[in-house]
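*Asks:* Got a structure here, written out as structure tokens. Questions coming.
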Amino acid sequence: MSNPVIIEEIRGESLENTHQGLICILNEEKEVIYEKGDIDQYVFYRSAMKPLQAIPAFTTNMVEKYRLTPEEAALFTASQRGEAYHQDALESLLNKLQLKEDALVCNPSYPLNDAPKGNYIWDHKPRRRLLHNCSGKHLGFLGYIKEKGYDVNGYEQLNHPLQQEILEYVADLAEIEKNKIQTAIDGCGVPVHAVPLRNMALSFLKFVCPDLIANKQTADAVRKVGDVMNAQPEIVASHDFICTALLEDENIIAKGGAQGVYCLALRKEKMSIALKVLSGSELVWPVLVAALLKKIHYQNQDTIERLLKIRSMDIMNDNGKLVGQTKVYL
């Protein structure tokens, strides 16, 4: 089937950009209550998989054993941006877990946000693995490997016991057979999985309906993952980013990934949403998610307003002048 246009960006009187997309909304009965496009199309989670990849760490007593702060524990789920509060928490986590930075397979990086990146370069500091966007996830991996007594070498390989356990969690939460999951390598060097968008929405539904998970240990870990994300929204992303804006609402669990994939779930409504902007754009996420929340008559207007402060329906130029409009088609 052809993929529908879900967003148009109009500059002046002319169409400048179109974005096709896929959207799936599920209720607590796992029923599709809204869909756009082919929701059985396979989509890579990218960083939207981080809450699932954090599950192993939260099946242990690592938080208690190493006296991790909520900020440090939230890094296991984070796409951190290199702000001072990220750097402080990362350094502390590295030390508490008694890990070596060179064990991380992610590439050395500068902070992603402009201000800390500028300060870092101004001070002639070198790129570090610890500053990679996914370093918190990797520290969670290494901490778990240490607790289990696994070999740290090759932890980025699909045949490593850690990666096999993560694959099992994806299959369980997304309710898909392991041999039907597609796997490739993510930007940070570890396996990333693709499932049909419908199944991706199903995996996020479990974060607000953990009673749907048969294994008690897994269900408890999933609850902990969601709780720590809501407790530390700025750690998971940073100010002026959609994940933080959504996680400030304690009713919502949310995580985006590269190339336009976004997932969220609502506790009170017991509902989940997975979407893929097929152009790969992340810039349109705030207006699209705001429109979806309006469509389901979401009651917390503050959350919707926070999203539209990040990116409004109006397109402004550098001088703050209105030059166009964004249109969302649901």
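The values are calculated or read from the model by the stated rules, or taken from the named source; none is laboratory data. Worth saying up front: this structure is predicted, and the values here are computed from it rather than measured. When we count neighbours, we look across all protein chains shown, and the Cβ atoms used for this are built from the backbone with ideal geometry, even at glycine.
*Asks:* What do you reckon, is Ala84 among the aliphatic types (A, V, I, L, M) and either surrounded by fewer than 17 Cβ atoms within 10 Å (Cβ to Cβ) or modelled with pLDDT under 95 (or both)?
*Replies:* yes
*Asks:* Additional query: Can you tell me which of (1) at pLDDT 95 or above; (2) more than 22 Å from the chain's Cα centre (by Cα); (3) farther than 20 Å from Glu147 by Cα; (4) of a type outside the set (S, T, N, Q) is the one Met1 doesn't meet?
*Replies:* The failed condition is (1).
*Asks:* Let me ask you something else. Quick check on segment 248-259: of everything there that is crowded, with 21+ Cβ neighbours inside 10 Å and over 11 Å from the mean Cα position of the chain (by Cα), which residue is nearest to Phe207 (Cα to Cα)?
*Replies:* Ile252
*Asks:* Moving on. Return the pair list, or none, for Cβ contacts closer than 6 Å from residues in segment 208-223 that are farther than 15 Å from Arg267 by Cβ and surrounded by fewer than 17 Cβ atoms within 10 Å (Cβ to Cβ) to residues that are polar (S, T, N, Q) and modelled with pLDDT of 95 or more, at least 6 apart or on different chains.
*Replies:* Pairs that qualify, where the first residue is farther than 15 Å from Arg267 by Cβ and surrounded by fewer than 17 Cβ atoms within 10 Å (Cβ to Cβ) and the partner is polar (S, T, N, Q) and modelled with pLDDT of 95 or more, are Gln217/Thr59.
*Asks:* Any chance segment 36-51 includes a residue that's modelled with pLDDT of 95 or more, among the β-branched types (Val, Ile, Thr) and out of contact with any Pro (no Cβ under 8 Å at 6 or more places or on another chain)?
*Replies:* No, there is no match, as no residue in segment 36-51 is modelled with pLDDT of 95 or more, among the β-branched types (Val, Ile, Thr) and out of contact with any Pro (no Cβ under 8 Å at 6 or more places or on another chain).
*Asks:* Could you check Leu99 against (1) under 16 Å from Glu234 (Cα atoms); (2) free of Cβ contacts under 8 Å to residues at least 60 places away in the same chain; (3) of a type outside the set (Gly, Ala, Ser) and say which number it fails?
*Replies:* Failing condition for Leu99: (1).
*Asks:* If we keep just the residues of segment 274-304 that are touching a residue at least 12 places away in the same chain (Cβ under 8 Å) and either of a type in the set (S, T, N, Q) or within 16 Å of Pro210 (Cα to Cα) (or both), which is surrounded by the most Cβ atoms within 10 Å (Cβ to Cβ)?
*Replies:* In this case the residue turns out to be Thr303.
*Asks:* Now, a different point. Looking at Ile39, Ile55, which one is in contact (Cβ under 8 Å) with a residue 12 or more places away in the chain, aliphatic (A, V, I, L, M) and under 27 Å from Glu165 (Cβ atoms)? Outline the logic, then answer.
*Replies:* Details: Ile39 fails: under 27 Å from Glu165 (Cβ atoms).
Of the residues listed, the single one that is in contact (Cβ under 8 Å) with a residue 12 or more places away in the chain, aliphatic (A, V, I, L, M) and under 27 Å from Glu165 (Cβ atoms) is Ile55.
*Asks:* Something else about it: Filter segment 109-144 down to the residues that are part of a loop (DSSP other than H, G, I, E, B) and of a type in the set (A, V, I, L, M, F, W, C), then identify the one that is farthest from the chain's Cα centre (by Cα).
*Replies:* Leu112
*Asks:* Identify the residue in segment 33-74 that is out of contact with any Leu (no Cβ under 6 Å at 6 or more places or on another chain) and assigned to a strand (DSSP E or B) and, among all such residues, is surrounded by the fewest Cβ atoms within 10 Å (Cβ to Cβ).
*Replies:* Selected residue: Ile33.
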